[in-house]
Amino acid sequence: MPFPPDERDPNLALLVTGQRPWHCQIHRDAFTYGAVPPNVDPRLIVDLRWFGISRPRPENKVTFSRSLRDTFDMPQPTFRFCLDEAERKETDRMNEHMLRTASALGGFMPGSEPVFLTPGLPLHIAGTTRMGTNPLDSVVDEYSKVWNIDNLYLGGNGLHPFGNASNPTLTSVATAVHAADTIVKGHPGH
């Protein structure tokens, strides 16, 4: 069945569930592959991306060099990241689900077969300045204020206390708006 000429590019997201703890995206992504042949409707070619949850663990961390500097002359960060055995099994299940979905949609373009990106590469690093209710295991309170410092608030993905299985931008923006509102109205208890 042909697409109507004014039909928009496909864009579908399957959200995380208890039985499927990964986020799925099916859409047209022109950055992943080259030009489509002129005799092929580009809306027939879609990109499938599956994102699994990486849960916070002490082994996954950021360390800062005492001797190397980055382009901003700050201590160079090194991100240490690996999957544990349970995460590897979950990743296998996620991959099987993506392959079943892909086979229901059609074949792969030559050169666009499924690949796993290097662990850590596509991550939105979370938990480096974790939000929480206890200063012993978090950096900021529920209003994004650094514990025991009255005039310092943090923002971004680092505040997320749990792993992400999708783009965390909306969560980070909501947290920043909440912090800004707290700064304007005054921090509770101060």
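The values are calculated or read from the model by the stated rules, or taken from the named source; none is laboratory data. Just so it is clear, the structure is predicted and the values come from calculations on it, not from any experiment. So basically every Cβ, Gly included, is an ideal-geometry build from the backbone, and we count neighbours across all protein chains shown.
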Any residue in region 25-39 that is more than 28 Å from Glu113 (Cα to Cα), assigned to a strand (DSSP E or B) and at pLDDT below 95? no
When every residue in region 137-167 that is hydroxyl-bearing (Ser, Thr, Tyr) and at pLDDT below 95 is compared, the one nearest to the chain's Cα centre (by Cα) is Ser166
Do we have any residue at all in region 155-166 that's under 19 Å from Gly52 (Cβ atoms), outside any loop (DSSP other than H, G, I, E, B) and in contact (Cβ under 8 Å) with a residue 12 or more places away in the chain? yes
Specify which of the listed residues (Phe51, Phe81) is over 15 Å from Gln25 (Cα atoms), of a type in the set (Phe, Trp, Tyr), surrounded by 11 or more Cβ atoms within 10 Å (Cβ to Cβ) and at pLDDT below 90. Phe81
Say whether the condition of being closer than 30 Å to Gly189 by Cβ, among the aliphatic types (A, V, I, L, M), in a loop (DSSP other than H, G, I, E, B) and modelled with pLDDT of 90 or more is met by at least one residue in region 128-136. yes
Any residue in region 168-187 that is surrounded by 14 or more Cβ atoms within 10 Å (Cβ to Cβ), modelled with pLDDT under 85 and part of a loop (DSSP other than H, G, I, E, B)? yes
When you look at Ala86, is it surrounded by 14 or more Cβ atoms within 10 Å (Cβ to Cβ) and assigned to a helix (DSSP H, G or I), yes or no? no
What's the number of the only condition in (1) hydrophobic (A, V, I, L, M, F, W, C); (2) within 23 Å of Arg80 (Cα to Cα); (3) at pLDDT below 85; (4) surrounded by fewer than 17 Cβ atoms within 10 Å (Cβ to Cβ) that Met109 fails to meet? (2)
Here are some conditions: (1) touching a residue at least 40 places away in the same chain (Cβ under 8 Å); (2) acidic (Asp, Glu); (3) not in a helix (DSSP H, G or I). Glu59 meets all but one. Which one does it not meet? (1)
